[in-house]
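Peer 1: Questions regarding the structure given below will be posed in turn.
Values quoted throughout were computed directly from the atomic coordinates according to the rules given, and no laboratory measurement underlies them. Quick caveat, the model's predicted, so the values are computed rather than measured. Don't worry about glycine lacking a Cβ; one is built from the backbone with ideal geometry, like all the others, and counts go over all protein chains shown.
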Amino acid sequence: MKFTLRQIQVFLATAHFENISRAADSLSMSQSAASSALAELESQFDIKLFDRVGKRLQLNALGHALRGQSEALLRQAEDLEVALQQHSAIGHLKVGATLTIGNYLAVHIMSRFLQDKPEARVELDVANTASIARKVKNFELDVGLIEGELSDPELDITPWMKDELVAFCAPEHPYADKKKLTDQDILAANWILREQGSGTRQTFDWAMHGVLPQLTVLLELQHTEAIKRAVEAGLGIGCLSRVALKEAFARGSLVPLPMPQRNLKREFYFILHRQKYRNSSIDAWLALCLELFH
């Protein structure tokens with residue numbers, strides 16, 4: 001074999017950081033050792049994996065093509081090392097989740113996962129759909145749980161569970177006693193919504209076809225709890241996942257506002273890179289997600 005796993009580690013770290021010094025630091029190597037490893041890898045096969053752009057090292061077309069296979073090879077090697085050490089095959093898992101899923105579902109899934117497999121390690125990264133998708137594509141996350149629809153040839157996108165958005169207001173709001181909101185009510189309201197790039201906002205905007213340009217959006221916030229607090233304070237009405245509103249509806253601090261003429265149904269999805277090596281940790285996580293919420 002003409003290459004070493006260390007060379008592959010340097011290649012992937014450099015692809016991630018776009019800087020050989022930072023790649024070396026991440027691998028506890030000297031910069032010269034990392035540079036030599038990368039140079040030897042390229043020299044052995046008479047190839048170039050990066051374009052030098054100032055101080056940055058950007059993956060070229062060949063580097064992009066080989067990155068997924070290299071990630072899979074390294075993860076398989078890590079699994080083999082675990083097996084050779086006679087430890088469990090369940091190891092370190094990096095999960096990304098959009099805000100609704102991360103705040104209201106993923107923590108429960110993670111708790112159950114760690115109860116079943118106490119030797120495992122799970123990192124949870126909570127961000128919006130666009131950010132989670134980018135990190136999965138960049139191999140920074142093993143699996144993503146998202147609430148926005150995507151179409152990307154580099155990603156496997158699999159439906160997971162059904163969800164629905166619900167409009168809501170404070171009990172003191174003039175709309176609180178309405179049996180349903182008309183389009184006239186929708187246009188007259190001040191809306192407090194999630195930011196652009198979130199799956200929740202994507203579903204809301206699609207549902208509001210025909211009236212979207214005329215809506216009054218008072219606030220755009222990145223966190224569901226901030227939206228709920230703003231609506232409770234009487235600043236306007238909001239629209240979030242029923243999952244995020246269940247407890248508030250039960251205690252009466254927020255009131256649902258039906259909009260039967262608007263389709264607010266959606267799905268949650270699993271996303272993985274198509275070239276990602278699916279080890280037992282990933283398979284166990286996905287199976288648990290389906291068991292607990294489907």
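Peer 1: Radius of gyration and Dmax for the range 225-267's Cα atoms, expressed in Å?
Peer 2: 10.8, 30
Peer 1: In debye to the nearest 20, how big a dipole does the range 144-294 give about its Cα centre with +1 on each Lys and Arg Cβ and -1 on each Asp and Glu Cβ?
Peer 2: 280 debye
Peer 1: Moving on. Taking only the C-alpha atoms, wrap a convex hull around the chain and report its volume per residue in Å³ as a whole number.
Peer 2: 159 Å³
Peer 1: Then there is this: Looking at the chain, what % of its DSSP beta bridges pair antiparallel, to the nearest 5?
Peer 2: The antiparallel proportion sits near 60 percent.
Peer 1: Quick check on packing: order 162-171, 176-185 by the mean number of other C-beta atoms within 10 Å, highest mean leading.
Peer 2: 162-171, 176-185
Peer 1: Given the Cα atoms of the range 213-294, and with Rh set as the inverse mean 1/r over their pairs in the Kirkwood sense, what is Rg to Rh to two decimals?
Peer 2: 1.09
Peer 1: Which net charge results when you count Lys and Arg as +1 and Asp and Glu as -1 among the other residues whose beta-carbon is under 11 Å from that of G102?
Peer 2: Surrounding charge for G102 is -2.
Peer 1: I would also like to ask the following. Can you compute the charge dipole magnitude of the chain about its Cα centre, using +1 on each Lys and Arg Cβ and -1 on each Asp and Glu Cβ, nothing else charged? Give it in debye, rounded to the nearest 20.
Peer 2: With Lys and Arg at +1 and Asp and Glu at -1, about 200 debye.
Peer 1: Of K137/K246; K180/K228; K94/K137; K162/K246; K135/K162; K2/K48, which pairs sit farther than 22 Å apart, going by alpha carbon to alpha carbon?
Peer 2: Checking Cα-Cα distances, K137/K246; K135/K162 exceed 22 Å.
Peer 1: Under the rule of -39500 (n - 2.57) per DSSP H run of 4 or more residues, summed and divided by the residues of the chain, what mean residue ellipticity at 222 nm is obtained, to the nearest 500 deg cm²/dmol?
Peer 2: It lands at -13000 deg cm²/dmol.
Peer 1: Something else now. Please report, largest first and rounded to whole Å, the three semi-axes of the ellipsoid equivalent to the range 1-66, where each semi-axis is the square root of five times an eigenvalue of the C-alpha gyration tensor.
Peer 2: 16, 15, 10
Peer 1: Follow-up question, since we're still on this one. Please give the contour-minus-distance gain from A61 to E220: 0.36 nm per residue of separation, less the Cα-Cα distance, rounded to one decimal in nm.
Peer 2: Computed gain between A61 and E220 is 53.4 nm.
Peer 1: For A39 and T158, what does the FRET efficiency come to when R0 = 41 Å and r is the distance between their Cβ atoms, rounded to the nearest 0.05?
Peer 2: Between A39 and T158 the formula returns 0.55.
Peer 1: Quick one: give the max-minus-min coordinate of the C-alpha atoms of the range 162-266 along each principal axis, largest first, in Å.
Peer 2: Between the extreme Cα coordinates on each principal axis of the range 162-266 lie 32, 26, 26 Å.
Peer 1: Continuing with the same structure: Place +1 on the Cβ of every Lys and Arg and -1 on the Cβ of every Asp and Glu in the range 162-266, take the dipole about the Cα centre, and give the residue among Y175, M259, Q214 whose Cα lies farthest towards its positive end.
Peer 2: It is M259, whose Cα lies furthest towards the positive end.
Peer 1: If you don't mind, another one. How far is the Cα center of the range 90-157 from the Cα center of the range 227-285, in Å?
Peer 2: Between the Cα centre of the range 90-157 and that of the range 227-285, the gap is 15 Å.
Peer 1: Here's something else I'd like to know. So what is the orientation-averaged projected area of the range 89-162, using the convex hull of its C-alpha atoms, in nm²?
Peer 2: Convex hull of Cα atoms, orientation-averaged projection: 5.2 nm².
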